[in-house]
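Everything on this sheet refers to the single structure shown next.
Every number here is computed from the coordinates shown, using simple stated rules; none is lab data. What you see is a predicted model; the values in this text were computed from it and never measured. Positions of Cβ are backbone-derived with ideal geometry, glycine not excepted, and every protein chain shown enters the neighbour counts.
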Amino acid sequence: MTRPWSSVMQKLFHLALLILFSVIHVSSVNEEGVSLLEFKRSLSDPNNKLKSWNSSDLTPCNWIGIGCTDFKVTSVKLIGFDLSGTLDPTICNLTHLTELNVSKNSISGPIPKDLAICHNLEILDLCTNRFHGEFPTPISKMIALRKLYLCENYIYGEVPEVIGNLTSLEELVIYSNNLTGSIPVSISKLKQVRIIRAGRNLFSGPIPSEISECESLEVLGLAQNRLEGSLPRELQKLKNLTSLILWQNRLSGEIPPEIGNISGLELLALHQNALTGSLPKELGKLTQLKRLYIYTNQLNGTIPEELGNCTSAVEIDLSENQLSGIIPRDLHQVSGLRLLHLFENILQGSIPRELGRLKLLQGLDLSINRLTGTIPLDFQNLTYLEDFQLFDNLLEGAIPPYLGLNSNLSILDMSANNLNGSIPPDLCKHQKLLFLSLGSNWLSGNIPYGLKTCKSLIQLMLGDNQLTGSLPVELYELHNLSALELFKNKFSGLIPSEIGRLGNLERLLLSDNFFAGYIPREIGNLAQLVTFNVSSNRLSGSIPHELGNCTKLQRLDLSRNQFTGYLPDELGRLVNLELLKLSDNKFIGAIPSSLGDLARLTGLQMGGNNFSGSIPAELGDLTVLQISLNISHNKLSGPIPDNLGNLQMLESLYLNDNQLTGEIPASIGGLLSLLVHTIVIHRQLHLLLQNQAG
């Protein structure tokens, strides 16, 4: 009788042991694990990236993002886990923690002051989050800190002087915040610091000369602030400096020649400041320099030939200054140069043919200068040349005939010179050309076949030359084309219906040529068209109704042709139109009242036609009309609508040479912006405007 009872008791005992074991197992995570779980509670983990953080584990050392040494947590790295919430300082209960990295998340709130009790922390990375509040002064107590990353947050206020207490600091990365005030002088105490990156803040005041005492400094980045004053000459003491990045500040004065003593400098970025004076020849001592950016300043004088000694340079940009003199031939010694930008200066003389020896050159921009002579033939041998710009100079002669044959040209701009001859046939030999601008020269001949079939082309600008021939049918297969500018040439023939295939076309400028025939109705397929100008040609026929489908049009100029017929009401659908020029044609009929729907119109020119009927009162709805309203030299009759007085911004009004009757409305006398006004009624010039204005 006792055995069954004994068996039951035995089973109950085993069950109790099992439950007890389970309880012990569930709650068996060590103290470090408990601290991490407490830290986790302040975070939101929508993608369950921390699912491995299980309280039933004996140790957190196998949890994602956790690093251990001798079963002690030494690092927490939760980079890019899509976490949000706040940062809980209980993480500092991990007494062996040396690295905390929660960068690239969406954690917000102020940086906890109690984080300072992480006494052994060597690396703190909170970059790319949403932290806000003032710069956490207590961090200065973390004397073991070697790397402090607070970049790309919303931290504001001044960097406290106590930052100098972090004497073990090697990297200080605090760029892209809202930090203000001056750079603390105490930064000079950071003898171990190799990297300071504090750009894209609101720092002001001068660069402290004491920063030169950071003897280990390799990278100094203070760009995109409001720093002012001159460059400290003491920077020459930074013998380990490789990168000096000070662009887009308010720095002024001359570039100190002592910069040339920083012999290991590889990057010198001083662009977009207010630096004056000449380029010091001592820059030629920087034989390790790879990138020199001093563009958009107020430098004058000549380019020192000593720059040719910067034989390691890959990119040199001195554009947008007031540099004068010639381009030094010695630059050809910089054999690894890939980019040379000298545009928008006052450089004179010829382009040195020696630049054609820069075999690795990819980008050469000498535009907006006063360069003369011819384009050196040597450039057509530069096999890596992609971006070549010489526009707005005084260059003459022919474009090198084999240009493009040996290189993957993508941008070529030689506009606004005195170049002559024909367009080279191989500019798009390798089908990489995106942008071609040769306008405002004296080029002649036809558009070469190799250009007509350049399917990579996005913008083709050949206006203001002496080019001849008809519109090539091959052009209509260039489906990437967004701009076609052939104005002011000697082109002739028809505008073919195939023009409608250029579905990406935004700018079509064909004015001042000898085109004849009609505007094809397929023009309505150009849904992206913003500017359409065919003025000063020999076009005839009526305006196709389909033009009203080009609803993105802002500028439409059909003036000085032989168009006939009625204006289509569909023009009223061009609600983005800002300028409409229809003058000097043979249009007939009434002016469509739908033009009153063009609410953005600033200029309306319809003079010199055969419009009849009355002036539509709806024109008074064009309240932003400013440049002009010209409906003179037509056959309009009836009174002048009183609501033309609504055009309060109008500067020029021409109603003369019509058959208008009645009085000039008093409301027109209130158009105080009018600079020019000509109104004739019954062939008598009325001076009522002046009388009313007086």
### Summary
DSSP beta bridges in the stretch 459-568: the antiparallel percent, rounded to 5, is 0 percent
### Task
Straight distance only, please: which lysines reach the Cα of Lys581 with their own Cα at less than 25 Å, same-chain residues fewer than 8 apart left out?
Lys488, Lys490, Lys552, Lys635
### Message
Less than 11 Å Cβ to Cβ from Pro641, Lys/Arg counted +1 and Asp/Glu -1: what total charge do the surrounding residues give?
### Response
-3
### Query
Cross-link partners among lysines for Lys191, C-alpha distance below 27 Å, same-chain residues fewer than 8 apart left out?
Lys113, Lys141, Lys147, Lys237, Lys239, Lys285, Lys290
### Query
If we count every other residue with Cβ under 15 angstrom of Gln626's Cβ, Lys/Arg +1 and Asp/Glu -1, where does the sum land?
0
### Task
Check cross-link reach from Lys452 to the aspartates and glutamates: straight Cα distance under 16 Å, and skip same-chain residues fewer than eight apart.
Asp426, Glu474, Glu477, Glu485, Glu498
### Message
If packing is taken as the average number of other Cβ atoms within 10 Å across a peptide's residues, how do 546-556, 467-477 rank, most packed first?
### Response
546-556, 467-477
## Note on the structure
Longest principal axis of the chain (C-alpha) makes with the long axis of helix 2-26 (C-alpha) an angle, in degrees to the nearest 10, of 50 degrees
### Summary
Calculated from DSSP helices alone, with each H run of at least 4 adding -39500 (n - 2.57) and the total divided by the residues of the chain, [θ]222 nm to the nearest 500 comes to -2000 deg cm²/dmol
### Query
Using the per-residue mean of other Cβ atoms lying within 10 Å as a proxy for protection, in what order, highest first, do the peptides 66-75, 166-175, 180-189 fall?
166-175, 180-189, 66-75
### Summary
Computed for the chain: size of charge dipole around the Cα centre, +1 on C-beta of each Lys and Arg, -1 on C-beta of each Asp and Glu, debye to nearest 20, value 1100 debye
### Summary
Cysteines of the chain without any disulfide-compatible partner (other Cys Cβ under 4.7 Å) are Cys214, Cys310, Cys550
### Message
Can you classify the chain as rounded, prolate or oblate using the Cα gyration tensor, where a ≥ b ≥ c are the square roots of its eigenvalues, rounded means a/c under 1.5, and otherwise it's prolate if a/b beats b/c and oblate if not?
### Response
prolate
### Query
List the trypsin sites (Lys or Arg not before Pro) in the stretch 220-279 that DSSP assigns to loop (not H, G, I, E or B) and whose Cβ has at most 14 other Cβ atoms within 10 Å. Which are they?
Lys239
### Task
Return one number: the angle in degrees, 0 to 90 and rounded to the nearest 10, between the long axis of the Cα atoms of helix 31-41 and the longest principal axis of the Cα atoms of the chain.
30 degrees
### Message
For the stretch 455-486 and the stretch 186-251, what is the centre-to-centre distance using only Cα atoms, to the nearest Å?
### Response
50 Å
### Message
Antiparallel versus total DSSP beta bridges in the chain: what percent is that, nearest 5?
### Response
5 percent
